[in-house]
Structures are given as C-alpha cells and as structure tokens.
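Laboratory data are not the source of any read-out in this text; all were calculated from the coordinates shown. Note that this is a predicted model, so its numbers are computed, not measured. Reconstructed Cβ throughout: ideal geometry from the backbone, glycine too, with neighbour counts over all protein chains shown.
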Amino acid sequence: MNQTFYVTTPIYYVNDVPHIGHAYTTIAADVMARYHRSAGREVRFLTGTDEHGLKIDKAARAQGMRPIQLADQVVERFRALWKRLDIRFDDFIRTTEERHQRVVQRLFSRVRERGDIYLGEYEGLYCTGCEEYFTETQVPDGRCPLHQRPLERMKEKSYFFRMSRYQEALLRHIEEHPDFVQPEIRRNEITSFIREGLRDLSVSRTSFSWGVPVPDDPAHVIYVWIDALANYISALGWDGSDSGGELFSRFWPADVHLIGKDILRFHAVYWPTFLLSAGLPLPRRVYAHGFWTINGEKMSKSLRNVVEPHALIDAYGADAVRFFLLREVPFGLDGDFSHPALIGRVNAELANDLGNLLRRVVTVAEKYTRGEVPTPGAREGLEQHLVEVGLRAVKESAEHLENFQFHRALLSIWELVREANRFMDEAGPWTLHKEGRLERLNTVVYDALESLRVIGVLLHPFMPSTAEAMLSQLGLRPEQAELSRERVARWGGLAAGTLLQKGAPLFPRIEPERAQSLLGQFAPAAQEAKPSQPPPEKPQIAIEDFQKIDLRVGLVRSAERIKKSDKLLRLMVDVGEAEPRQVVAGIGKAYTPESLVGRRILLLCNLKPAKLMGVESRGMLLAAGPGGERVVIAEFAGDLAAGESVH
C-alpha cells in the first residue's frame, strides 16, 4: 500500500458564491485526507479556486470590477466556509498565482514540443458557462445541454491539441485500470464517449485576454480547462522534468480527483490525454459524485430553493451537516436534500444513538467507578460480542473508506454505536452494582468506555469536533497518535485510572417546536419547491392478507450485470434455504454489482417466478425512489441471520 495519499477537489469558479455542491465535494475530500492520515500515510489535500476564463471576465465586468478584484473578493468566501466546516487542506491553489501560471506554460510547451499542438481556426457553438465548444450534432437545438441556454456562434484562430491521437491509449488505460473512473456507471459513460471518436481540441482563445498567455504567442490565452486542470501538478511545483521536483515526485500521480459528474469529461478525457502527450503518469482515480436536488428539483436561484451552507451550519452545526451529506446518499449517486430528513438523522442517530450513549456511559462511570476508567476483569460472552462488533467496525469502516463508500462506513460505525447501547441495556451495570458484583461491573464499564474510544476515533474523519469532544470526555487528548487506526484496531487502548471529564451533550434533540421554527426559517428551500404528489391511496388489507407475504432477510452472496441491459442485475441471495435464490433486480443504474455483495436486503420470497431478459427471478427485493439512478434498496444494518422472517 502507498505510504502517501494525494487527494484533490476541483478548483471552484470565483464567479459565484459557495454552495452545497462545493461543500459536498470538499467535505468528502477532507474525510479521505483525515482517514489516510490516521492510517499513517503522508497526506496532501489540495483545493483552490479557478479564476481565469471568459466567464470570470464577463462576471467581473458586469459588476464594474477587474477580474482579479472579483477573484480576491470571492476567494475569501471559500476560505471562510472551509474554516467553518473544519476543512483541513494542505494547500489552496489560485490560478492567478505565478507558481501556477509558470507550470501551465511549461506543460503547454512540453506538449507542443512533442508535436501535439498546432495552429488552426475554429468555428462552432460556444457555451460561456461550460467554457466549451459544441458541434451541431451534439446540440441540434442550439442550446447547452447542461445550462439549457442558447449557445454563441464563435470563430477564432486557435491552437489545437491532437487529442484524437490518444483515443486508443486512453481506452486501453481504462480497460487495464477499471478503477480509473468511478463509479462504474460513469466509467461506462466515458468509454462510450471515447469510442464515438475523440476530436482534436481547441486549446487557446483570442476573444479575451483574462488567462495564461500561450508561450511565445501572447495574443492567445491557454484554454481555461487546460489551465484549471494543471493545478493538480502546479500545486506540487512540477518543474517541467520527468521527475518533476521534490513534491511532485513524492505525491504524483494523485490518488484521487474528487469531482462532480458535470465535469467528468474534462477530468477523465481531456486531462489524461494531455498527460499522456506530456509523458506524465495519469491520476490513479477520478471519482465523480452526483448532484443534490431539493424535493426532487434542481436547485435554482429563480426557484429560491438553493441550500446555503452557512445557514445550515448556523442551524445544525458543522458536524451535523458533514454527517448528513455523507450518510444520506451513496457517494456517486444523486441525492435529494430535505430539512426534515436532516432533523430526523440529528435526532435519531446523533442525539438518541450517539449522544445518549456517551452520556449514559460516562454517567455510569461517574456513579460506580469514581469517574475514572476501571481495571477490567475476565470477559463474559456479552462483553466478548461487543469487542467483536468493535473490531469489525474498525475493519469494515476502513474497507468502505478505501472504496469511497462513506455511507457504508458510517453504517459500520453505527452498528457499534447501537451494539454499545444494547450492551448497556443487557449488561445492566446498575444491577451489577446492586448485587455487589464489582469485578464484572468494572469489566462492563471498561468495555463500554472503550467502545466510545473506538467510536470517537472512527468518527473523527467525519465529525472531527464531535469526536474530539468524545475523546476529551474520556480523558484523552485527541492528538494524531491517539487517532491512529493501528492503535484503535487493538481493543484495550484506554488506560485504567484515566480520569473522565463529563461534558455537555453532544447533540441536543431538535424538539418539535424548534423543528417547526427551522422549517419555517428554511421555507423557500424546504417548502416552496414544487411539492411531490402523495402516492395514490390503496385499498386496506386485513392482517390475514399480510400474513400471506413471505418477507425475509436476504444476504447477497454474489451479483453481476445481465448482458445487454444497463439496468438489470442478477443476484444470488441467501434466504436461509439449501441453495441461494436467483433474483433479477432493476437497480443497475443506482448500484454496482460489487457494492451489493454482503448486504442484508429485504426480499419478498413468495412472488411467482418470472423471467426478465431470459433470466428467471425467484423473488423481489424492496426499494424506494423514482427509478434510474435514484433508487435506494431497503436493507438491514443489524447482524441478522439470512432467511430470518420479517414481520
């Protein structure tokens, strides 16, 4: 495994204010950076701002400003938001910095020296918002497919990059490195786009001057996307050589570029072909996440439904926002933002599950072990099971984070949170004290406190302030050594005799009155968007009708795509019978086959068998959502046996 980890976000345009999409990507990158630091790797986490191009030039002029004045003003908004969200980046790159412009020109010159840049003339339909040309074939209606605005017809002299020369090399790289573009649905999009044929790319502009000049031809500025993408190596101080210099040689290739799906083509086609031409290694992975909607609609200023991050932090706190965004939706899929859903998660998972666990365990220790960590004795079966769940949470959460499955990592941690709450109920330290079983009491209290230590360390990448508050109440100083994944993988890290320091509740419940106040405060975002229609009312059934349904816990043993279908998956599901059942499910746009293996799903077992594309299905998994990429399967977080009846 690599001893370094380099993670990047896109650099964000400075013609707008930071929004929830910016926050989502940057929080995800921060979680990955913190996790890899805790795993003992040397980490480089880069973010920044994209300050060149026609779009910035126009936005500045519209406000009566010079472009650099607009950039200087807006960049501070991003810095301020990252500080409030507890984002700990290692470098913040601005494309107006001299260190960046130097590298952009070096890269352009190197590609030109290799014969891959030539001067020509370009005419086409141009979108200022995308900073990209389109052909009439791509946009028969003359409108940008992303912004839905009429395109401008432009004609200008331009330098071109021979991108077509690298079509086969890029396809071969993707086939040999299936993790290069993730998730799988995005990889399929990119390979389809490449197979349609790559055209040479216009890589300079003469219609405006706000950008990096082409070396030896200052009448041209370098295409803003080449300029922007080069930030990933300019921040490492690439010196133009193959070795690239000290930082570059340590951290390149990047381990992952985290981006939104709207800029995938630039990162998975344009950037790698440019690097191939320059003879530089390609990034190891480009991971594109989905969009956030609100009540099923795209966020829009005109609809007054944009979710503003500062207002969210003011209302719920930074850690609750970080938790919700990564817990609510599988990373890579689109998500629908809802204030009631956020309030529900704060109350159920953060206040009831996590906050209540910390408070009750520390209170028990205050009462029965003098407010200090006791010396444990021999463990019985109940304690041993808690240890097993704890060590499994350590292992599984790491595996999920290595694969950018943030929501599944949190599910693994929450199995331990809920198990620790069950442990307190079943072990009954108050009863042990009453009965005078002090050695067993000490063991129970110790293991409950140790579970909190493990939970605190595992949660630190997601909710750093919360985790540090937890560890402080346990009498620990949340230093990097204490946050080590190696240390947390060994049960028993709490030293007997450590004094506890009981603090304020982590997450007070949002009571109904305050919830209504918050919903009123966010009324334009939470309520004024077009309301979804309730499902049509169905006839009532008797309990006898329900008893005819055979619902069971199904453990997915294997999954694969059905040929010639982008939607259907073939699952082999253990439902407690001699052989697994074959089930065909239309969830292939929302889930990759490998992401389903090991999940405990809700399966209807006595549905009449049916054939889909010639494959027999003997059951139906249950899910919710409108379809396509927006489907969420019903699954169980607990350690339930395959085949257990659901009633």
Problem set entry | Neighbour-count order for F208, F406, fewest beta carbons within 10 angstrom listed first | F208, F406
Exercise. If contacts are Cα pairs under 8 angstrom and at least 6 residues apart, what is the relative contact order of region 336-488 in percent?
Worked result: 27
For this session: Work out the length of the dipole vector of the chain about its Cα centre, built from +1 on the beta-carbon of each Lys and Arg and -1 on the beta-carbon of each Asp and Glu, and round it to the nearest 20 debye.
Result: 320
Exercise. Which one of V632, G503, S397 is farthest out on the positive end of the charge dipole of the chain, using unit charges on Cβ (Lys, Arg +1; Asp, Glu -1) and the Cα centre as origin?
Worked result: V632
Seminar exercise, completed: The simple spin-label model distance between K502 and D216, using points 7 Å out along Cα→Cβ, in nm, is 7.6
For this session: Could you give log10 I(q)/I(0) at q = 0.16, 0.18, 0.24, 0.30 Å⁻¹ for region 536-587, computed by the Debye formula over C-alpha point scatterers of equal weight, without solvent?
Result: -0.67, -0.74, -0.87, -1.09
Problem set entry | Alpha-carbon gyration tensor eigenvalues x 5, square-rooted, for the chain, Å | 46, 31, 24
Exercise. Convex hull volume of the Cα atoms in region 55-152, per residue, in Å³?
Worked result: 178
Exercise. Quick one: net charge of D353's neighbours, Cβ under 14 Å, K/R +1, D/E -1?
Worked result: +3
Exercise. Using 7 Å Cα-to-Cβ label points, what is the E388/R195 separation (nm, one decimal)?
Worked result: 4.7
Seminar exercise, completed: Given all pairs of distinct Cα atoms, region 4-290 yields a Kirkwood Rh in Å of 19.4
Problem set entry | Relative contact order, percent, the chain [alpha-carbon distance under 8 Å, six or more residues apart] | 12
Problem set entry | Loop-located trypsin sites (Lys or Arg not before Pro) in region 257-328, at most 10 other Cβ atoms within 10 Å (DSSP) | K301
Exercise. Which FRET efficiency value, to the nearest 0.05, is calculated for R487 and R422 with the Förster distance at 25 angstrom and r the Cβ-Cβ distance?
Worked result: 0.45
Exercise. Counting only the backbone N, which residues of region 249-264 are under 18 Å from the spot 7 Å out from the Cα of Q480 toward its beta-carbon?
Worked result: 250-251
Problem set entry | For the chain, with +1 on Lys and Arg beta carbons and -1 on Asp and Glu, the positive-most of L622, V139, I117 along the dipole | V139
For this session: Hand me the GluC sites (Glu not before Pro) from region 584-647 located in a DSSP loop with no more than 10 other Cβ atoms within 10 Å, in residue order please.
Result: none
Problem set entry | Charge sum, other residues only, whose C-beta stays under 12 Å from V584's C-beta, Lys/Arg counted +1 and Asp/Glu -1 | +4
Exercise. When DSSP beta bridges are limited to those with both residues in the chain, what percentage is antiparallel, rounded to the nearest 5?
Worked result: 70
For this session: Please report L438, L350 as a ranked list, fewest other C-beta atoms within 10 angstrom at the top and most at the bottom.
Result: L438, L350
For this session: Taking just the C-alpha trace of region 168-232, give me its Rg and Dmax in Å.
Result: 15.8, 42
Seminar exercise, completed: A convex hull over the alpha carbons of region 168-292 yields, per residue, a volume in Å³ of 134
Seminar exercise, completed: For G381, the net charge from surrounding residues (Cβ-Cβ under 11 Å; K, R +1; D, E -1) works out to -3
Exercise. So between D545 and A578, what do we pick up on full extension, going 0.36 nm a residue minus the alpha carbon distance?
Worked result: 9.1 nm
For this session: Please give the length that would be gained between N2 and E246 if that part of the chain were fully extended, namely 0.36 nm times their separation in residues minus their C-alpha to C-alpha distance (nm, one decimal).
Result: 86.1 nm
Exercise. Using 0.36 nm per residue, how much length does the chain from S558 to K157 gain when fully extended, once their Cα-Cα distance is taken away?
Worked result: 138.9 nm
Problem set entry | More than 22 Å apart - percent of Cα-Cα pairs taken over region 336-488 | 41
For this session: Run the dipole for region 388-483 about the Cα centre, Lys and Arg Cβ at +1, Asp and Glu Cβ at -1, nothing else charged, and hand back the magnitude in debye, nearest 20.
Result: 180
Exercise. For E349, E366, what ranking results if the residue with the fewest other Cβ atoms within 10 Å of its Cβ goes first?
Worked result: E366, E349
For this session: Tell me the Kirkwood hydrodynamic radius of region 28-67 in angstroms, computed as one over the mean inverse distance between distinct C-alpha pairs.
Result: 12.8
Exercise. Taking R0 as 25 Å, what's the FRET efficiency between E616 and D566 from their Cβ-Cβ distance, rounded to 0.05?
Worked result: 0.80
Problem set entry | Kirkwood Rh, Cα atoms: Rg over Rh of region 543-633 | 0.96
Problem set entry | Residue (of L452, G381, F180) at the positive-pole extreme of the chain, dipole from beta-carbon charges | F180
For this session: Take the alpha carbon gyration tensor of region 253-394, find the square roots of its eigenvalues, order them as a ≥ b ≥ c, and report rounded if a/c is under 1.5; if not, report prolate when a/b exceeds b/c, else oblate.
Result: oblate
Problem set entry | Inter-label distance for E399 and E380, nm, one decimal - labels placed 7 Å from Cα along Cα-to-Cβ | 3.1
Exercise. Based on the mean of other beta carbon atoms within 10 Å per residue, what is the order of 153-161, 389-397, most packed first?
Worked result: 389-397, 153-161
Seminar exercise, completed: The answer for trypsin sites (Lys or Arg not before Pro) in region 397-439 that fall in a DSSP coil and have at most 12 neighbouring Cβ atoms within 10 Å is none
